[in-house]
Structures are given as structure tokens and as C-alpha cells.
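Novice: Submitted below is the structure of interest, expressed as C-alpha cells.
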């Protein structure tokens, strides 16, 4: 890929549209991007990488913060790159997502991200992809490089390639893992280890299952036991012996089946004869039981007749008992009536006591009201003189005595009631007297009613308030009720017993007659002896059970043995397949886990090969830049298998003939070593990229640390790298470079944003 021009609009420090024209930089050799610090030199490469991949070059820059602070509100923000690649010309344009002021009104609006890739052929333009992700994918396929790879090959930033030099083994592993995408080897190693481990476990489980199945087999031969008890089991012999024992079991089962059939036939004959004799004995036993039942019924009938005779005598006494019961019921009614009158007297007595108490309470209230009234009237009379004296005047005759002088007039005391208050107290007294008279009349009325009830009770003892008499009534009522219930129950029981007895007697007579009609005397009255038949049948059944148990036992074992043998065959087949696979994978897994000539895990081994190639390419340039003084070497990995080492670097000094840490190099020496390492990395990436062309390289800063000789050496190395057809841009503000490099892109910084101008010679 060779850039033709780059347009940046509203981008970083650039206010308006600025164009970087790479045509004057020629087909190859060095060109300089120069300008003061912060003017936007590196921003040019940011624009280039963003146009291609939608990403910026620096780790501190963010693609969503690229809009220029100098841009006008109507100024768009975009990066447009035209480039040639393998004879074709292409144009890619991208706009980041950014926030700008609204064209109308106040506030801000957000412009969305957009992207377009097209191929240009004269005046014709063919759109190849649209949208951020689609354009990035199309550019990656077109160039054969993703963003990380392109950045590593085309942009050497001082901070990044210095870090590549001084990084630890683990850090350098992470860097080169991303560049060469070697994580796949780590995953391959993990999958190999997982697969071999799983196979080993499955093989062990298969062997354990074979052992379980072998031990579950039931055979009684000594040869089987001998094979089973061996420490190292020969599964082939076990299976062969198991098949033989299974065949012997099948033959034994066949023989037992025949024996069981013969015993079953003999048992059936014995059962028939036994049933015949049992039927004859049942006839005899039934006749004997019928005779015994007939005699039992005769006894029951005689006993029932005697019982009915007694019941007839008891039935004759029932009319007298019914009369006694009716008399008791009348007595009970009288008692309950008297009890009711007594309860009324007791209630009236309580009411009289309450009325008497109410009368006495009202009488006391009347007395209190009368005393209050009498006192107030007396106070009023006494106060009359004071009232008259209050109106006397010297020289005016007294209305009582006519005296013109009043030497000692009566005094009017405070709190004396007036006439109105006295009248109110009088009214209250008279009302209280009326209430007293009303209570006296009510008490007298209740007393009269109580006297009437006492006369109706006659000679009932009321001395204790009637409580003793009420208890006596309750007792008499209970006794009468109990007597009525007892006599009624006796009458009912007697009548029901007589009816039940007559019914039972009829039923017994009918049953006896039915039994008598059904009795049939057997021809043989002596039962047969079944003990011999039963003993013979018992022995036959025992033999049949023995044969059946043995046969079922063998069938159960045979079924289990067959299932186990079938599974053993399957497990053996799977185990043999796993052993074959494991034998092929195990050497690979060991090699991938560090059992190789370098003692490194697979990924580290691959990365060490890449690093050796990089160091070979780097040392060619480092020797040129240092007068053959320095060379970079990879330190040997520790011998701990699965090591993550093997990526540490050291420098060999020809002056001392010793190796030492790369961190011991001076600033200028570190720059040259780091630049050589970065260029070597770029070379190897291109080497393994399979003919991918990258025709432009940018080197960002770092030259200020070099003396004049070192600067010449570094520039010579970069010139040799160009080969006459590779553009190498140096981004630097070092003044000495301006005099050494004719072709320049100058970035000027102003108060209104930076400007770009190109210069130099073609060639």
C-alpha cells in the first residue's frame, strides 16, 4: 500500500480541510514530517490509520474525540485517503462519531460514524463497501493485514518500540502473541493436554469398568476364580473363559428344565388323588357337622321356650306399671308448677328489696334537699336587715324604726342567697319529696304481690328466702323423672324381648326343618388317612422348588453374565480405540508441553522461532548502526518445561566480549537497538505475510537522542531499508534532520489551527 494523498477536515489541531500530498515524496527513500511539538505531526498517521481501519495510532488517543476544537459549527470532520495497491487505485473516507453545535438554535447534535471504500479507474468509481465494520473488513482482506499488524509494520513509535526492547519475557510474549496471532498454539496445546488427559481418564475408567464387570460375573469353576484373582488380568483369557462357562450354564439350565417338567407331571397326579380323597372326607365331615348342628338347635329351641315362659309372666305386670308411670307424671307436673311459683316469689322478693333500697335512697336525698332549702331560707331571712341597712342615709327616717340617725346599721354578709335561689331550692326539695312518695308506693305494690304469692305456696318453708325449698323441689323433680324413665324402659324392654324371643323361636324351627331336609348320609362313614399322600406331595413340591430355585438362580446369573459380557466386549473395543488414539497423541502432547529440544511450551517455542528470525533481521541493521559493536541475543529459557520464558533479550558488546542486559544501553544506543528490533519485527511480519506489500513506513521521533555519527548510521540503515521503492517517513522536530532530508511535509502551528504544506524533490 502506497498513499497518494490524505485529506483531514476538522481533525485534531486542523481547523479546515488540509491535504497531505505524498506525490512529491517520490517512489522511495526518506521524507520528513516536521513541525513544532503539538502541531499535529503524528496526527497525520492517526488520520491514515483511521481512514483504513477506523482506529487511531496512539494508545492515548480516542477515535470519538478527533473533532477539532477550531472547527466551525458547519465544518464536517472526516479523513479521506487515496492509495495504490497492486496496480489498483482506491479511495476510503471515514467520519468519526462526534458532537457539534447545532446549525440552528442552541445546543449540540451528534453526527454518526460513516465509512466508504471505493475503487477508482479513471472517471469510474466502484463502491466496494459501506459502513464502519464492512469497510474495515474489506481493507483487511485487500491489504492482507489487520490493524495491529499494519500498525506494527508501518508505524514505529518511539515509546512502543523502546518498550519492545526493554519488555519482560511475559510482556514480549503478549506483544508478539498479538502480532503473530499465536494464541491458537496455546489453545492447541490446551486441547491436546485436555484430550490426552480425558483419554487417560476414559481408559482408566474403561479398565475399572472391565474389572467391575468381570467381578460381577458368576461362575463356580476354579479356572475362572484363578483368572479373576490374578493381579494383572488378561482380559482376553477372561472373556474366553467366560464364554465357556456361559455355555456350561446354558446346558445345565436345559437339564434342570426337563427335570422340573417331570416333577411337575408327578405332582399333578398326586394332587388329583389327594383332591379325590379330600372330597370324600369333606362329605363325611359335613354329615357329622350337620348332626351336631341339629342337636345344637334342639337345645336352643328348648332354652328359648323356657325364656319365653318367664317373659309371659313379666308381660302380665305391665298394665300396673303403666298406671304407676302416669301417676308419677301427674306428680311431676304439680312439683314443677310449685317450683315455678316459688321462683316467682323469690324474684318478687329480690325486686321488693331493690324497691326498698331505692325508697330509702330517695328518702335520704329528700332530707338533704329539705335541709339545704331550710338553711337557705333562714339565711335569706337573716340577711333582710342587712339589705334594708344598705339603703339607709343619715337624716332620712328608717322605714322600720323611723330614726333619723343610724349609728350601727346591720352588715350584709357575702354569699347570701337571693329570693330566686331560695325558690329554686324549694322546687328541688318538693321534686325530691315526690320521688320519695313514688318509691314508697312502688315498694308497697311489690309487697302486696309478694304476700299473695306466699299464700299460694301454703306451707312451704320460706325462712331462708326459699332457697332450701327450691333445692328440695329440684331433688323431688329429679327423683320423679328417674322413676318414670326406669319404669318406661322396663316396659319397653319386656315387650321387645318377648317379641324378639318369639321371632327367634320361629327362625330356629324353620332352620332346623331346612337342615333336616338337606341331610344325606354318606356310604362311608370313616374318613380316609391323607398323611401318606400329603407327605409324598410335600416331597414332590420340595423337589420342584429346589429345581425351580436352582434353574431361576442360573437364569438370573446367565442373564446378568450375558449383559456383562456384552458390555465387556463393547468396553474392550472402546478401550483399544482409545489406546490407539492416546499412543498417537501422547508424543505430541509431551512435545507441546515443553518436552522438546528447547524445553518450551508449544506457543513459546513458536514465538522463540519468530524472535530468532526477528533478531537475525534486527542484527543486520544494528551492526550497521553501531559499527558492528552490538548484537541482540535471546536468552536461553529455564529448564522447567511449560515455561513462559525464552523471550528475554540481552546485548552482546564486541568491545568487551560479554553479554549484558539491554537496559544497560545508553539513550542513543537503546534507540538504535529498539529501532533495529522494530525494523526486524516489520521484516519478519512481511516475510510471513506471504507476499504482502507495504510500501510506506513511518518512524515517530527518537532521533534527538542520537549524536551526529549515530544519526548518520540510523539514516543509512533506513535508506538501505527503502531499497529505492519504499517510502520511509520520519516524524521529528529535530533541526539537523531538516538539512539532511530534502523531501519534507511541514506542519505549521497557528492560533487558528495547524496547516500542512508539502515540499521537496521527486525521485
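The values are calculated or read from the model by the stated rules, or taken from the named source; none is laboratory data. Everything quoted here is computed from the prediction, not taken from an experiment. Counting neighbours? That spans all protein chains shown, and the Cβs are built from the backbone with ideal geometry, glycine included.
For every residue, the table says whether it meets (1) surrounded by 18 or more Cβ atoms within 10 Å (Cβ to Cβ); (2) within 25 Å of residue 751 (Cβ to Cβ).
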residue	(1), (2)
24	no, no
27	no, no
38	no, yes
43	yes, yes
46	yes, yes
72	no, yes
76	no, yes
108	no, yes
111	no, no
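Novice: Only residues that are over 17 Å from residue 124 (Cβ atoms) and surrounded by fewer than 16 Cβ atoms within 10 Å (Cβ to Cβ): list them for segment 86-96, please.
Specialist: 86
Novice: I've got another one for you. Of 292, 259, 245, which residue is loosely packed, with under 14 Cβ neighbours inside 10 Å and either in contact with a helix residue (DSSP H, G or I) (Cβ under 8 Å, 6 or more places away or on another chain) or at pLDDT 80 or above (or both)?
Specialist: 292
Novice: Right, something else. Out of everything in segment 510-522 that is assigned to a helix (DSSP H, G or I) and surrounded by 13 or more Cβ atoms within 10 Å (Cβ to Cβ), what residue ends up being nearest to the chain's Cα centre (by Cα)?
Specialist: Residue satisfying both the conditions and the ranking: 511.
Novice: Another question, if that's okay. Residue 721: under 18 Å from residue 623 (Cα atoms), modelled with pLDDT of 80 or more, touching a strand residue (DSSP E or B) at 6+ places or on another chain (Cβ under 9 Å) and not in a strand (DSSP E or B), yes or no?
Specialist: No.
Novice: In the set 391, 402, 395, which member is at pLDDT below 70, out of contact with any strand residue (DSSP E or B) (no Cβ under 9 Å at 6 or more places or on another chain) and not in a helix (DSSP H, G or I)?
Specialist: Criteria check complete, one pass: 391.
Novice: Then there's this: Is at least one residue of segment 667-683 at pLDDT 75 or above and surrounded by fewer than 15 Cβ atoms within 10 Å (Cβ to Cβ)?
Specialist: Yes; the residues of segment 667-683 include at least one that is at pLDDT 75 or above and surrounded by fewer than 15 Cβ atoms within 10 Å (Cβ to Cβ).
Novice: Here is a follow-up. From the list 756, 728, 745, which residue is touching a helix residue (DSSP H, G or I) at 6+ places or on another chain (Cβ under 6 Å), modelled with pLDDT of 80 or more and in a strand (DSSP E or B)?
Specialist: Step by step, each of 756, 728, 745 is checked, and only 728 is touching a helix residue (DSSP H, G or I) at 6+ places or on another chain (Cβ under 6 Å), modelled with pLDDT of 80 or more and in a strand (DSSP E or B).
Novice: Could you please let me know if residue 270 is at pLDDT below 75, closer than 30 Å to residue 574 by Cα and either in a helix (DSSP H, G or I) or out of contact with any strand residue (DSSP E or B) (no Cβ under 8 Å at 6 or more places or on another chain) (or both)?
Specialist: no
Novice: How many residues does segment 11-22 contain that are under 16 Å from residue 93 (Cα atoms) and either modelled with pLDDT under 85 or surrounded by 20 or more Cβ atoms within 10 Å (Cβ to Cβ) (or both)?
Specialist: The qualifying residues number 3.
Table: residues versus (1) in contact with a strand residue (DSSP E or B) (Cβ under 9 Å, 6 or more places away or on another chain); (2) free of Cβ contacts under 8 Å to residues at least 40 places away in the same chain; (3) closer than 17 Å to residue 133 by Cα.
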position: 68; (1), (2), (3): yes, no, no
position: 96; (1), (2), (3): yes, no, yes
position: 105; (1), (2), (3): no, yes, no
position: 111; (1), (2), (3): yes, yes, no
position: 117; (1), (2), (3): yes, yes, yes
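Novice: Looking for whichever is modelled with pLDDT of 75 or more and within 22 Å of residue 289 (Cβ to Cβ) here; the options are 517, 551, 493, 546. Which one fits?
Specialist: 517
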